[in-house]
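Below: one structure, written as structure tokens.
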Amino acid sequence: MRAYGLVILISLCYFSCSNRGTVNVGPEELTRKSSVTASRFSIETRGDISIVKILNPWQDAGFTEFDYYLVPQGMSIPDSLKGRSVIRVPVKRIICMSTTHIAMLKAIEESETVVGVSGTALVFDTDIRKAIESGKIPDVGYENNLDKELVVSLKPDILMAYGVSPASAEYFRKLADMGVTVMYNADYLEEHPLARCEWIKVFGLLTGKSELADSIYESASRNYIGLADSLKRMTTDRPRVLLGAPWEDVWYVSPSNSFAARLVSDAGGNYLFGDLVATNSIPFSTEAVFNRATEADIWLNPGSATNLDDIQRADYRLAQLPVFKTGRICNNNGRALPGGGNDYWESGVIHPDIILRDIASVLHPGFLPHYSPVYYRILE
């Protein structure tokens, strides 16, 4: 994900608003609608045409919908789609504005479609990094630093956009005016880990790998739900969990309905801010969080810390927490590169079942006694 280095801030478009509404793409009756759990996209099919609806692709978007009509190469475009957002599939050239997009393409064996990346320093994947280092895949920049001329020169079939605000939409609108097909992706806003993973279905449709994408999602879903159900049946102790860390004396607290809090709950933990419900992370003073943090049995995701000394140097008061003294602190940088790439924010999106197992092994060591976490590590 973009700028994950500010880990505690992460949780914390215009293509054409005329795309809204129903379009008759043929004489048949109403299309079959897929049963997705993701809340930010839906898929409809009408014969050989797929319609991908992207809903509210940035925070506080109100109600914003973008419709994309995926038409097979060689098929005539129906008159009813004139002026609509049509994407010829399968696509062969994609610019990825988030590392999660790279991971999904990698999973469905379509890494070769990546021709540009935003934030190359944040990439973890070995093959993509080699292509970046060789100059094959350039960094296209981001938002006000977006290199629009470079984007156009790469001749992408689509630019998979990652927007965090209406300002992002304005930058991408300019690209659309220059003839670049921009498709929004809101995977990072999904609250359920499986909903984030389900965005792989969009990439499957775009690349002609729907069967593979569906099978990857179904496998992750079965594993995730099976483990969560087992934990509910077999664990009675629910350790109290603290999430995050302060940034410049402000602690952005994830609400109970967030992605991170859901993982804690499904792993059999009792989130300390389980009473907080909101659409975004909520800023608290360090002192306010500290009072509740004294009750924590386990501390997860403490910012960018790689060891206990990092936490103490960031704020000496944190070393006074009982959970600091017991050393039960675990961070999601078990697969991180010195330059910035963290695989938790990359391939982790398609492996929510592994992330859940990682957290469960920390919360309930006896439940998975011989398991070694993949994305997490205990800080020393």
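Being open to solvent by less than 40 Å² (accessible area, probe 1.4 Å), in a loop (DSSP other than H, G, I, E, B) and either of a type in the set (D, E, K, R) or more than 17 Å from residue 193 (Cα to Cα) (or both) is the filter here, so list the residues in the range 249-277 that pass it.
The answer is 272, 273, 276.
Considering each of 161, 167, 186 in turn, give the residue that is hydrophobic (A, V, I, L, M, F, W, C), touching an Asp or Glu at 6+ places or on another chain (Cβ under 8 Å) and under 27 Å from residue 278 (Cβ atoms). Full working, then the answer.
Details: 161 fails: touching an Asp or Glu at 6+ places or on another chain (Cβ under 8 Å); 186 fails: touching an Asp or Glu at 6+ places or on another chain (Cβ under 8 Å).
The match here is 167.
Any residue at all in the range 285-304 that's part of a loop (DSSP other than H, G, I, E, B), more than 24 Å from residue 189 (Cα to Cα), out of contact with any Gly (no Cβ under 9 Å at 6 or more places or on another chain) and open to solvent by 20 Å² or more (accessible area, probe 1.4 Å)?
For the range 285-304, residues part of a loop (DSSP other than H, G, I, E, B), more than 24 Å from residue 189 (Cα to Cα), out of contact with any Gly (no Cβ under 9 Å at 6 or more places or on another chain) and open to solvent by 20 Å² or more (accessible area, probe 1.4 Å): present.
Which of the residues belonging to the range 332-380 are acidic (Asp, Glu) and assigned to a helix (DSSP H, G or I)?
Listed by number, the residues that qualify are 343, 353, 358.
Conditions (1) in a strand (DSSP E or B); (2) at negative phi, marked per residue:
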| position | (1), (2) |
| --- | --- |
| 71 | yes, yes |
| 76 | no, yes |
| 127 | no, yes |
| 155 | no, no |
| 168 | no, yes |
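Picking from 211, 218, 133, 170, which residue would you name as being more than 28 Å from residue 266 (Cβ to Cβ), modelled with pLDDT of 95 or more and open to solvent by 40 Å² or more (accessible area, probe 1.4 Å)?
Only one candidate passes the filter, namely 133.
Looking only at the range 192-212, count how many residues are more than 11 Å from the chain's Cα centre (by Cα) and closer than 17 Å to residue 258 by Cβ.
Qualifying residue count for the region: 0.
Consider only pairs whose beta carbons are under 9 Å apart and that are at least six residues apart or on different chains; among these, list those whose first residue lies in the range 314-327 and is closer than 12 Å to residue 299 by Cβ and in a loop (DSSP other than H, G, I, E, B) and whose second residue is of a type in the set (S, T, N, Q) and open to solvent by 20 Å² or more (accessible area, probe 1.4 Å).
Short answer, once both residue conditions are applied: 321/294.
The values are calculated or read from the model by the stated rules, or taken from the named source; none is laboratory data. Treat the numbers as computed from the prediction; the structure is a model and nothing was measured. Glycine also receives a Cβ, built like all others from the backbone with ideal geometry; neighbour counts cover every protein chain displayed. SASA here: full protein model, heavy atoms, side chains in, ligands and nucleic acids out. Shrake-Rupley method; radii C 1.70, N 1.55, O 1.52, S 1.80 Å.
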